[in-house]
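Reading through the structure tokens given below for one structure.
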Amino acid sequence: MLVNRRDVEIEWGDCDAAGIVFYPRYFALFDASTAYLLEKATGMKKIAWTKAYGIVGTPMVDTGAKFILPSRYGDVITIETTAGDVRRSSFDVRHRVLKGEALAIEAHETRVWAGRDPDNPDRIKGFAIPDAVAAALRGA
């Protein structure tokens, strides 16, 4: 499976009153990490691959996380994002947050390759993930 790793410095605005990362900020970091994974798979930035494939994006339909170690302002964490199962129009993503060598968070997402519904443009629907993208996510 395709893997993308990136280092992130925790900013003051990421933290709550207790001085640790406010958990919804992790989900924003995971969303960006998924976009970087797809950038690696397609060779294009998100704005380009959504246009190139005629989709609106990859909305999340399921997510969850296990929080093991907190992070604080100034910490540098590594987010390791991996593609999981790739199906016709949906795919799984796994995120591992590392502080040094220690596992801090395990998270997962299921996303849909979504475009405008041709029968109702106010709605979106899942479309088949292009073969080249699916193969890249699988690491083939």
Under 7 Å between Cβ atoms, at least 6 apart or on separate chains: pull out the pairs that start in the range 105-134 with a residue that is closer than 24 Å to GLY43 by Cβ and modelled with pLDDT of 95 or more and end on any residue that is part of a helix (DSSP H, G or I) and open to solvent by less than 10 Å² (accessible area, probe 1.4 Å).
GLU109/PHE30; GLU109/THR34; ARG111/THR34
In the range 54-64, what residues are in contact with a Gly (Cβ under 8 Å, 6 or more places away or on another chain) and open to solvent by 50 Å² or more (accessible area, probe 1.4 Å)?
GLY54, VAL56
Take LYS46 and tell me if it is touching a helix residue (DSSP H, G or I) at 6+ places or on another chain (Cβ under 6 Å), open to solvent by 80 Å² or more (accessible area, probe 1.4 Å) and over 15 Å from ALA136 (Cα atoms).
yes
Read through the list (1) open to solvent by 50 Å² or more (accessible area, probe 1.4 Å); (2) without any contact (Cβ under 8 Å) to a residue 60 or more places away in the chain; (3) within 20 Å of LYS125 (Cβ to Cβ); (4) not small (Gly, Ala, Ser), then give the number of the only condition that ASP92 fails.
(1)
Is it fair to say VAL97 is among the aliphatic types (A, V, I, L, M), crowded, with 16+ Cβ neighbours inside 10 Å and in a strand (DSSP E or B)?
yes
Scan the range 65-74 for residues that are open to solvent by 10 Å² or more (accessible area, probe 1.4 Å) and either assigned to a strand (DSSP E or B) or of a type in the set (Gly, Ala, Ser) (or both) and report the count.
5
Residues of the range 102-126 satisfying the condition of being surrounded by fewer than 19 Cβ atoms within 10 Å (Cβ to Cβ) and outside any strand (DSSP E or B):
PRO118, ASP119
Condition (residue is out of contact with any helix residue (DSSP H, G or I) (no Cβ under 8 Å at 6 or more places or on another chain) and over 29 Å from ALA128 (Cα atoms)) applied to the range 24-39: is it met by at least one residue?
yes
How many of the residues in the range 3-43 are crowded, with 17+ Cβ neighbours inside 10 Å, assigned to a loop (DSSP other than H, G, I, E, B) and over 18 Å from the mean Cα position of the chain (by Cα)?
0
Are any of the residues in the range 63-82 under 18 Å from the mean Cα position of the chain (by Cα), more than 27 Å from ILE20 (Cβ to Cβ) and modelled with pLDDT of 95 or more?
no
What are the pairs, 6+ residues apart or on separate chains, where a residue within the range 47-58 that is assigned to a helix (DSSP H, G or I) has its Cβ under 7 Å from a residue that is of a type in the set (A, V, I, L, M, F, W, C) and at pLDDT 95 or above?
TRP49/LEU38; THR50/VAL56; ALA52/MET44
Assess whether PRO130 counts as being over 25 Å from TYR23 (Cβ atoms) and open to solvent by 60 Å² or more (accessible area, probe 1.4 Å).
no
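Name the single residue that is farthest from ILE10 (Cα to Cα) among those in the range 75-89 being β-branched (Val, Ile, Thr) and surrounded by 17 or more Cβ atoms within 10 Å (Cβ to Cβ).
Among those that are β-branched (Val, Ile, Thr) and surrounded by 17 or more Cβ atoms within 10 Å (Cβ to Cβ), it is VAL86.
The values are calculated or read from the model by the stated rules, or taken from the named source; none is laboratory data. Predicted model, so just to flag it, every value in this text is computed and none were measured. As a convention, Cβ positions derive from the backbone with ideal geometry for all residues, glycine included, and neighbour counts pool all protein chains shown. Areas reflect the complete protein model, heavy atoms only, side chains present, ligands, DNA and RNA absent. Shrake-Rupley method; radii C 1.70, N 1.55, O 1.52, S 1.80 Å.
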